[in-house]
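What follows is a short report on a single structure.
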Amino acid sequence: MDVEPSRPGGRGEPGAAAWVTVEEWGGSSGSALSRTAVLTASASSLTSNRFGSRWGRIGSRVLGAFVPEGFPGSVTPDYVPFQMWDTLQGLSTYIRAMLSTQALLGAIGVGEKSATVIGATFQWFLRDLTGMLGGILFAFYQGSNLDSNAKMWRLVADFMNDLGMLMDLLSPLFPSSLIVIMCLGSLSRSFTGVASGATRAALTQHFALANNAADISAKEGSQETLATMSGMGLGMLLAHVTRGHDLVVWVSFLSLTVFHMYANYKAVQSLSLSTLNYERTSILLQYFMEHGEVLTPQQVSKQEHILPFWSSWRKLLRVKLPHELVHLGAKASMLTHSDMLLIAKTRSYYTNANYFLLDKDGSVCIFIHKQAVATDVLKSFIHGLVLARFMQKSKSCHTEAHQWMDEKYNTFISKLKVEGYSTERLLSHSIVWKAHWVYGPLGEKTK
């Protein structure tokens with residue numbers, strides 16, 4: 001609200017102003033304010049001028065129920081394209097869910113006189129139990145890896161959801177294996193629940209420019225609810241139209257599945273994450289070592305490999321990316337006598353570091369000290385990438401890597417911060433194995 005008083009008739013005299021103007025501004029943030037009204041009062045009259053239409057104000061209120069406060073200034077630029085594609089994929093999911101659920105209910109005997117309530121209940125119980133156990137096991141084995149590869153796991157989650165729905169749709173075709181198919185479908189969807197929920201939490205933190213993660217999460221729930229209601233309505237209509245036409249059901253389901261996978265890929269592709277994981281750190285370091293500059297998150301996003309099967313194909317072809325040559329958190333019990341002697345020989349390079357590196361069989365093993373903190377882990381991984389690069393070019397790789405870290409590491413980190421990257425930690429798998437070491441003169445044995 002702005003107030004523009006006239007010059008007072010006397011110093012400190014109340015009511016001396018001949019007129020006053022008050023402006024009304026509306027908006028959820030300073031960057032998104034718009035003037036909505038101007039009121040001018042004189043000694044004898046009051047005039048009021050309003051700006052904007054009533055429908056425009058109503059539209060803004062409705063939009064406020066689905067986007068965070070302060071939008072678009074309170075979220076990152078990739079929020080809108082991601083949410084658009086995410087909403088479309090969610091819509092297709094709920095439409096297909098009506099088709100798969102209809103098939104599953106028919107398979108367990110709903111609507112048939114020969115079916116018993118206890119039989120259907122037991123089948124549904126086994127289905128849910130399998131899903132619960134699967135979710136616990138998946139969280140146990142992969143929970144610590146979901147943060148580091150949020151993009152890939154987001155795609156995996158939706159692919160597993162597609163697979164679960166396909167199992168439900170197949171269930172009427174194999175009545176003798178109904179329980180097995182139902183349980184496999186539930187198991188597949190349980191992976192979806194864990195991976196999708198975990199990656200959603202990571203993405204919400206990424207979008208929250210104004211520390212408004214809770215607001216973004218709440219509004220994302222509203223968007224999903226709207227997509228759910230729309231998808232259920234369209235799904236019920238499609239299920240009614242395609243009832244008794246198996247070919248049409250399958251064509252509709254497969255078409256929507258293809259669109260769902262495409263929308264998911266576009267949603268994940270639109271993300272420009274500013275956190276550092278293995279591959280992003282490797283891409284950034286490689287470009288910096290070649291050009292002396294740091295890529296923006298948008299540029300790095302275009303170079304990331306986000307398709308899950310890409311990793312499998314590279315393993316078959318024995319092709320390794322630079323970050324795959326570095327093994328973080330190696331076990332000390334794997335060290336041989338020759339390894340220990342090599343560590344003693346290169347110890348001067350890691351005197352003040354909470355880690356040491358070992359080049360072995362064309363790879364770099366990183367041993368983390370038990371007192372290392374998050375910044376030490378990030379530095380050790382970058383050092384490992386530098387060493388892996390010099391291993392291919394020079395025999396004195398430890399010397400050159402140590403020299404590069406002394407001269408260029410701080411500059412690299414500073415430029416990452418300027419581009420908006422989070423340099424507090426490396427998003428990695430859980431480092432279970434750590435080490436402690438003591439050096440002594442050659443020939444001296446520890447007691």
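The solvent-accessible area of ARG189, taken with every protein chain present and a 1.4 Å probe, is close to 60 Å².
For the pairs LYS320/LYS395; LYS360/LYS395; LYS302/LYS415; LYS266/LYS302; LYS395/LYS415, note any where the Cα-Cα span goes beyond 18 Å. Table pairs above 18 Å Cα-Cα are LYS320/LYS395; LYS302/LYS415; LYS395/LYS415. Over the chain, dividing the summed -39,500 (n - 2.57) contributions of all DSSP H runs of at least 4 residues by the number of residues returns a 222 nm mean residue ellipticity of -19000 deg cm²/dmol. Structural descriptor for the chain: relative contact order 16 percent, calculated from alpha carbon pairs under 8 angstrom and at least 6 residues apart. Kirkwood hydrodynamic radius computed over the chain comes to 26.9 Å, based on all pairs of distinct alpha carbons. Of the DSSP H helices in the chain, those that are both long (alpha-carbon extent of 18 Å or more along the helix axis) and hydrophobic (Kyte-Doolittle mean at least 1.0) are 374-391.
Once the 1.4 Å probe is applied to the protein heavy atoms, the chain comes out at 57 Å² accessible per residue.
The residue among ALA37, SER282, ALA330 whose Cα reaches farthest toward the positive pole of the charge dipole of the chain, with charges on the beta-carbon of Lys, Arg, Asp and Glu, is ALA330. The separation of the range 229-255 from the range 321-346, counted between C-alpha centres, amounts to 57 Å.
Rolling a 1.4 angstrom probe over the chain with all protein chains present gives an accessible area of which 61% lies on carbon and sulfur atoms. Positive contributions from Lys and Arg (+1) and negative ones from Asp and Glu (-1), summed over other residues with Cβ under 15 Å from the Cβ of VAL432, come out at +3. Net charge dipole, the chain: roughly 780 debye, given to the nearest 20, about the Cα centre with Cβ charges of +1 for Lys and Arg and -1 for Asp and Glu.
The values are calculated or read from the model by the stated rules, or taken from the named source; none is laboratory data. No experiment lies behind these values; they were computed from the predicted model shown. A quick note on method: Cβ atoms are made from the backbone with ideal geometry, for glycine too, and the neighbour counts reach across all protein chains shown. For accessibility, only protein heavy atoms count, side chains too; no ligands or nucleic acids. Shrake-Rupley method; radii C 1.70, N 1.55, O 1.52, S 1.80 Å.
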